[in-house]
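Asks: One structure, pasted below without further comment.
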Amino acid sequence: MLPGQGTETSSRRIEAAHDCNFVGMPPKYVYLDYAASAPLDPEVLEVMHPYLEAVGNPASTHAAGRFLRTALEEARQTIADLLGAAPGEIIFTSGGTEADNHALRSAVETFSLSTILYNPTEHHAVLHTIEDLAQQSKVRAIPIAIDPYGRIDLNHLETLLRKHSGVLVSIMYANNEIGTLQPVSEIAALCQQYGALYHCDTVQVMGLGWVRVDEWPVDFLAASAHKFYGPKGVGFLYRRRPIKSFITGGAQERGQRAGTENVASIAGMAFALKKAYQQKDLYLKHLSTLKAHALMLLQALLPEARINGVPTLEGSHPGILNFYLPLEKADDLLLIHLDLAGVCASGTSACSSGSGHPSHVLQAIGLSPEEAVRAVRLSWGWGSEKAHLEVAIQTLRQSLLSPTA
Ligand code: PLP
C-alpha cells in the first residue's frame, strides 16, 4: 500500500505532518513553498538580535559605529571565505532582485557592453531588467535557444558568442519554477574563451553549498538570504571586477552600493550561509530523498502528471518539483484546493503568482498558456517530511477525483 492511501499508520503520519507549524501560518498547515521563501532559522534570528537593537550607523567612526562596522566586515569575510572570493568582491544588497539589477545595469554601464545573451527562463528580476535596458537602446538583447527541459543549447550560445562582441551572458544556475540546472561550468568556460562577461543568478542554489568562485570563472552572481533560512530583504552580489553603483548616494560598500547597510540582516545572512555550507551534504541527502519520494508518489497517485523540467534527480534542483496535469478539472483552482486542505504550494514563481499571467518559464519550454495554468510547483526544505508530500499529492488526487471539483 502506498503511503497516504489510508492505512492507520499513514493517516497518523499525515496528521502529524500537519502539526509542523510556522509563525504567521494558520495552525495545521503544510508548507511546500521553500523556493518562494524558506522559514527563518531561529539560530539566525538569535545572531541578528543584538544588531537589531544596536544604536549607531556602521559608517560612523565612534564606538557605536565600529560595533556595527565590525559585524558587517565579519559577515563579508565569512561569505567571501565560503565562496572562495575576496571580501571586497561582495556587495550587500536588499535581495536577489537588486543584486540581479545591479550586476546587469552596472556591467553594461561600466564596461560599455552592447549585447546581452540571455536565457529566456530567467527570473523576472533578470528578464525585466534586460527588457528595460533594451527598451532604452542601451543593449541588444538576444535569447539563447533552450531544449524542452529548459537547458541552454551550448552550440547556440557558442554561435552567438562567435558573432557578437561587447557581450554579457545571463544564465541562472537553477530555475526557480522548474528546478532545471544549467551547465554553468561549460557556460563560464565558453564566456571566458570568447571574452564575454558572465552573470549567474544563483539565488536558488546558494543554500546548497555548491558555489565556489575560485573554481568557477563567473564574473557576477546574485544571492538572496531568504532562500537559505536567512531573513527576507537582504542578499548580495559577487563581482569579480569593480563596477559602478547603480544607486546614487553615500560611499557605502566601497562606493558600489549607496545606502546604510542592513547590518542585522547581513549578519544573519552570513551565519545562515555558513550553516548551509557546513550542512550541505546532509541537506542534499534530505532534499534528494524527498524528491525521490515525490517522484514515486506522483507516478503512483497521479500517473497523468507530466513533469516540467528535467524529470530525474540528476540535472534538477533536489528541492523543486513542477508538474502539470493534462486534465480538464486541473485548472488554476488546484492551488485553492491545496490551500483549503492546508498545503502551501505555488503554480508559478512567487513573484508571478497573482499576476494572472501564465508562467513565461513554462511557455518557454513549450506549454500553452492553458497548460501552464495547470501546473503545480512543490518545493521543500529542512522542515519538510515525506508525509507533507503525501498530503499534497493525495489532495490533488482527491480534488481531481471528486465530482464537485
Ligand atoms: N532570482 C531567482 C532565481 C529567484 O528565485 C528570486 C526569488 O524568488 C529572485 C531572483 C529574487 O530574489 P528576492 O526575492 O530576494 O528579490
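Asks: Nearest 10 degrees is fine. How inclined is helix 8-17 to the longest principal axis of the chain, computing both from alpha carbons?
Replies: Value to nearest ten degrees: 30.
Asks: Right, here's the next one. Let's test the formula: R0 of 30 Å, r as the Cβ-Cβ distance of Glu370 and His156. What FRET efficiency results, to the nearest 0.05? Each step should come with its number before you reach the end.
Replies: Numbers: r = 28 Å, r/R0 = 0.94.
In this case the efficiency is close to 0.60.
Asks: With everything on Cα atoms, drop me the angle between helix 96-110 and the longest principal axis of the chain, reported from 0 to 90° to the nearest 10.
Replies: 40
Asks: Considering Cα pairs under 8 angstrom that are at least six residues apart, work out the relative contact order of region 86-178 and quote it in whole percent. It would help to have the intermediate numbers written out before the result.
Replies: On the way: 104 pairs, mean separation 31.4, N = 93.
Reported relative contact order: 34 percent.
Asks: Using the Kirkwood radius over C-alpha pairs as Rh, can you work out the diffusion coefficient of region 134-200 via Stokes-Einstein at 4 °C, viscosity 1.567 mPa s, in µm² per second?
Replies: Working: Rh = 12.6 Å.
Reported coefficient: 103 µm²/s.
Asks: For the pair Arg241 and Ala292, how long in nm is the line joining their label points, each one 7 Å along Cα→Cβ?
Replies: Spacing of the two 7 Å Cα→Cβ label points: 4.5 nm.
Asks: So for the pair Ile142, Arg212, with labels modelled 7 Å out along Cα→Cβ, what separation do we get in nm?
Replies: Here the answer is 3.4 nm between the modelled labels.
Asks: I need the GluC sites (Glu not before Pro) found in region 146-232, filtered to DSSP loop residues with at most 16 other beta carbons within 10 Å of theirs. Walk me through the numbers on the way to the answer.
Replies: Values: sites: Glu158, Glu177, Glu186, Glu215; in loops: Glu177, Glu215.
Passing sites in region 146-232 are Glu215.
Asks: Place a point 7 Å from Cα of Gln278 in the direction of its Cβ. Which residues in region 38-57 have their backbone N less than 15 Å from it?
Replies: Those under the cut-off are 41-48.
Asks: Enumerate the whole-percent occupancy of each 20 Å bin, from 0 to the last occupied one, for all C-alpha pair distances of the chain.
Replies: In whole percents, the pair-distance histogram is 27, 55, 18, 0.
Asks: Another question about this same structure. For the chain, what does -39500 (n - 2.57) per DSSP helix run (n ≥ 4), summed and divided by total residues, give at 222 nm, in deg cm²/dmol to the nearest 500?
Replies: Working: 13 runs with 160 residues, N = 405.
Counting only the DSSP helices, I get -12500 deg cm²/dmol.
Asks: Work out from phi, with θ = phi - 60° and the Karplus expression 6.51 cos²θ - 1.76 cosθ + 1.60, the ³J(HN,Hα) of each residue of region 231-236, listed in order in whole Hz, and give x for Gly and Pro.
Replies: Karplus-based 3J(HN,Hα) across region 231-236 equals x, 6, x, 8, x, 8 Hz.
Asks: Multiplying the sequence separation of Arg254 and Ser185 by 0.36 nm and subtracting their Cα-Cα distance, what value in nm do you get?
Replies: Values: separation 69, 0.36 × 69 = 24.84 nm, distance 2.95 nm.
Between Arg254 and Ser185, full extension yields 21.9 nm more.
Asks: Between Gln193 and Ser402, what's the calculated FRET efficiency when r is the beta-carbon distance and R0 is 51 Å? Round to 0.05.
Replies: Working: r = 56 Å, r/R0 = 1.10.
It comes to 0.35.
Asks: Roughly how many whole Å is it from the C-alpha centroid of region 243-257 to that of region 97-151?
Replies: 21
Asks: Evaluate the relative contact order of the chain (contact order divided by residue number), counting alpha-carbon pairs under 8 angstrom at least 6 apart; express in whole percent.
Replies: Numbers: 775 pairs, mean separation 91.6, N = 405.
23 percent.
Asks: Starting with the highest mean, order 237-243, 390-396 by the number of other Cβ atoms within 10 Å, averaged over the residues of each peptide.
Replies: Numbers: 237-243: 19.7, 390-396: 24.3.
Taking the mean over residues of other Cβ atoms within 10 Å, the ranking is 390-396, 237-243.
Asks: Cross-link list Lys227/Lys280; Lys138/Lys244; Lys232/Lys386; Lys232/Lys329; Lys285/Lys329; Lys227/Lys329: which exceed 24 angstrom alpha carbon to alpha carbon?
Replies: Long pairs (Cα-Cα over 24 Å): Lys232/Lys386; Lys232/Lys329; Lys285/Lys329; Lys227/Lys329.
FYI, it's all coordinate maths here, none of it is from the lab. What you see is a predicted model, and the numbers here were worked out from it, not measured in a lab. Counting neighbours? That spans all protein chains shown, and the Cβs are built from the backbone with ideal geometry, glycine included.
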